[in-house]
Structures are given as structure tokens and as C-alpha cells.
1. Hey, can you tell me all the residues within the stretch 77-104 that are open to solvent by 30 Å² or more (accessible area, probe 1.4 Å), small (Gly, Ala, Ser) and in a helix (DSSP H, G or I)?
2. Select from the stretch 105-135 the residues that are in a helix (DSSP H, G or I) and open to solvent by less than 10 Å² (accessible area, probe 1.4 Å) and list them in ascending order.
3. Taking the condition under 19 Å from Gly148 (Cα atoms), hydroxyl-bearing (Ser, Thr, Tyr) and either at pLDDT 95 or above or open to solvent by 10 Å² or more (accessible area, probe 1.4 Å) (or both), does Ser233 pass?
4. Which pairs do you get when a residue that is at negative phi and buried (at least 24 other Cβ atoms within 10 Å of the Cβ), found in the stretch 50-70, comes within reach of a residue that is assigned to a helix (DSSP H, G or I) and among the acidic types (Asp, Glu), reach meaning Cβ atoms under 7 angstrom, with the pair 6+ apart or on two chains?
5. Could you look through the stretch 271-303, keep only residues that are in a helix (DSSP H, G or I) and farther than 26 Å from Thr179 by Cα, and pick out the one that is modelled with the highest pLDDT?
6. So is Tyr184 hydroxyl-bearing (Ser, Thr, Tyr) and either touching a residue at least 60 places away in the same chain (Cβ under 8 Å) or surrounded by fewer than 19 Cβ atoms within 10 Å (Cβ to Cβ) (or both) or not?
7. Counting just the residues of the stretch 319-345 that are open to solvent by 70 Å² or more (accessible area, probe 1.4 Å), part of a helix (DSSP H, G or I) and not polar (S, T, N, Q), which one comes out modelled with the highest pLDDT?
8. With the checklist (1) open to solvent by less than 40 Å² (accessible area, probe 1.4 Å); (2) of a type outside the set (Gly, Ala, Ser); (3) in a loop (DSSP other than H, G, I, E, B) in hand, flag the one item Val315 doesn't pass.
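The values are calculated or read from the model by the stated rules, or taken from the named source; none is laboratory data. The structure displayed is predicted, hence computed values, not measured ones. Please note: Cβ atoms are built from the backbone with ideal geometry, for glycine as well, and neighbour counts cover all protein chains shown. These accessible areas exclude ligands, DNA and RNA; they are computed on the full protein's heavy atoms, side chains included. Shrake-Rupley method; radii C 1.70, N 1.55, O 1.52, S 1.80 Å.
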Amino acid sequence: AAHARAAAREGITRIDRRRAERDRLLADVGDPPKPWVYLIVATGDIYEDIPQAQAAAREGADVVAVIRSTGQSLLDFVPEGATREGYAGTYATQENFRLMRAALDDVSKELGRYVRLTNYASGMCMPEIATLAGLERLDMMLNDCMYGIIFRDINPRRTFIDQRFSRQVHARAGIVINTGEDNYLTTADAVDAAHTVVVSQLLNERFGREAGLADSQLGLGHAFEINPAVPQSFRLELAHAQLVRELFPDAPLKYMPPTKHMTGNVFAGYLLDAFFNLAGVMTGQSIILIGMMTEGIHTPWLSDRDLALENVRYVRDACGALAEDFVPRPDGLVVQRAKQVLSESVDLLERICDDTLLTAIADGTFGVTRRPADGGKGLDGVFERADGYVGPALDILETEDPQAVRMAPTSAGSVKR
């Protein structure tokens, strides 16, 4: 037990040091203004991802996300080393994290603004990947309390246990989590299911705070996914986005672009992305993932990304602080729609309180997908704690305030808290 405690302390101290490095670099190069522009790279080859990520940063990206290789969330181990053969994404490994972080540090110093790095801590290895992210100083991690259950058929009990520990690690490392409510609207109707997004955000907030995350680390997700053929669709989108902004005023909200209703008409798609960018600026979203007019056609070319960045740059620069002027009429459609969604959210929360969250998930409440509590992958890895159980890392993470931890260098080989 003593050896395990020493090893846990050493690992957490290494994470503390990496968090301090981020603080120092932020102080040196400066933080970009919000909304941050979020862009994805995913060639499968880390050595191809790096120049694309640096090019994106030079064209205005503030956050670079490296999508994981297809199916990695179902692996019960983390691959090792630099990888060059991912499928529709690049494997999440410690070495890939290290290489991309170093490349973005270089371009941050070049540009005079800090460029953040995102990856994914969902799936069968949430705690392991969360730990590697802390050790290699990632800034954001996709980490949702229910995504793995609904979209990857991972057992609910396994997922809730893993998300808690992984979020404790994120809290300690100063990592912002991104949640996945936008995915519900790819399977459910964005108007009818709007309240399920809000309920999931409230659950993610509750579970996140319980794990030690500060409001500034709760990158709650939502999306611009209403069918553009619906009358008043833009006003409805504004209502949903403004409601979320007001419910979570201190959270760095992540706003996702239209995907489900992108038809292949690149001109209509580019216009729809501009409306999305406008909604994001008008409602004060914190992180805007750039929309791609070739969504659903092919993996974006560099020229596609360049045009998408030009779109969001124009809207952001032209609108400025437009959110300060956007005050919907109290009796208007935007406010009334927001009130309706909030009322439906409260009703759903009350039903969940009566029936339990596991029952709600089994009934297909979120994303229209039914996942029973005893089904899915990974339940065989869940055990009840025995008498005398010792969890050295948990003891540290649960007894020390992650928001109070700051590491400063004193002399070579030593640090002070």
C-alpha cells in the first residue's frame, strides 16, 4: 500500500507540473479572445496531422481536436507510440499527445496566442486516457457522462464509474471537458428533443461538479441541428442557444455546427454554417466548432477548412460583441420557446427522479437509443469495493482541492505547492 501511495503521488505531481507549464505558457503568449474557434484534424497519421494543425492555427483556429481512430473507444487498452495508420481518425496514444502538444506549443509562440489541444476520453479507457492527457498537458477532453452508453453501447454502470474518476483527473489537470449532447440531435429531432439536451447538460454539470470540476471546466455541448426547412428555424435555434447560455453563464459552452441537414449542396451548406456562426456570436457561445460545407461528402480538404475558417472569421469580426445588444423581447418567440423547453426539461428531471436515471436511459430518453442497465460492453470489469479497499489515487484526488493546486518551480528537481 505504501508503494502504491508513493506511485500515485508521483503521477499526480507530474500532472501538477504539467498544469503549471500551461499556466506559464498562457502568461507568456496570451489567451485568444472568445469565442474560440475549434477545428478538427484526423488523417490517421500523426505526422500528417501536425502540419495541418499548425496551418489551421495560423489561419485562426484556437482549439485543435484530433479525432480518434474509428473503434478506439471500444478497445480495453491504449495503443502505444506514434501511429500512422488510423481509420477516419488518429489513435489516441501518449506519444501522439506529446508530439501534437509540442507542435502546438511551437505555433503558439510563433503566433503570440495559446492554441489548445483536444482529444477524447470516452469509451472503455476513459480513466487511462484522461491520465495520459494530464501527463501530456492536453487542454480539453471529450468526456460525457452518457455518450459511451448511448452511442457505443458501453455498460451504463461502467460508464458512470469511469466518467467520475476520469473527471477527477481532469479537474486536477485543469482540463476543460467537452460533453456530447449535440450527438442526441443526430438521432432525435432537434425541436422535439431540445429538452433532453438541457437535461443532459444539467446532469453533466452535476456529475462534473461532484468530481471536482469548476464551472470554467464545464464545456457543455449543444448544436445547431434544426431542419432549415422548418419555419422560423433560425429563431428557434437562437432560443435554444440563448437558453443554454443563460442556464450556464460561467461555463465555456461548446456550440456544434449543422451536420444532419447538410445535403451536399456546398453553397447552401456554406450559408447555413454562416447562420450557425451568427447564432454563436449573438448568444455569446464560448467555443464554436467550425462548420464544413462538405460535411457528409468527403473528409475535408485543406481548402475546405480554409473557407470554413474564413466564414467564421468574417462573422466573428463583423459582429464583434453583438451578444451585448441581443436582448429578445419578453413576449417574443425566442423567449417563449426557451420557456417551453425549460418547462419540458423540469418535467423530464422530475420523471427521472421518480424512475431513476438508469431507467430513463433504458427507455431511450436520450438520443432515442435504449440501453439497459445490465447490457452493453464492460460490465464484467465492474466490482463492488471490498472491505479494506485502498485507492491511493482516489484518496489524493478526493482530499485535495484540484482548484487550489498550483505548482511553481523552486530549483532543479524540486517543486513547491
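1. Selection gives Ala102 alone.
2. Once the filter is applied, which keeps residues that are in a helix (DSSP H, G or I) and open to solvent by less than 10 Å² (accessible area, probe 1.4 Å), the stretch 105-135 yields Val107, Ser108, Met126, Ile129, Ala130, Ala133, Gly134.
3. No, not satisfied.
4. Val66/Asp49
5. Only one residue tops the list, namely Leu271.
6. Yes; evaluated as a whole, the condition is true for this residue.
7. Lys339
8. Against the list (1) open to solvent by less than 40 Å² (accessible area, probe 1.4 Å); (2) of a type outside the set (Gly, Ala, Ser); (3) in a loop (DSSP other than H, G, I, E, B), Val315 comes up short only on (3).
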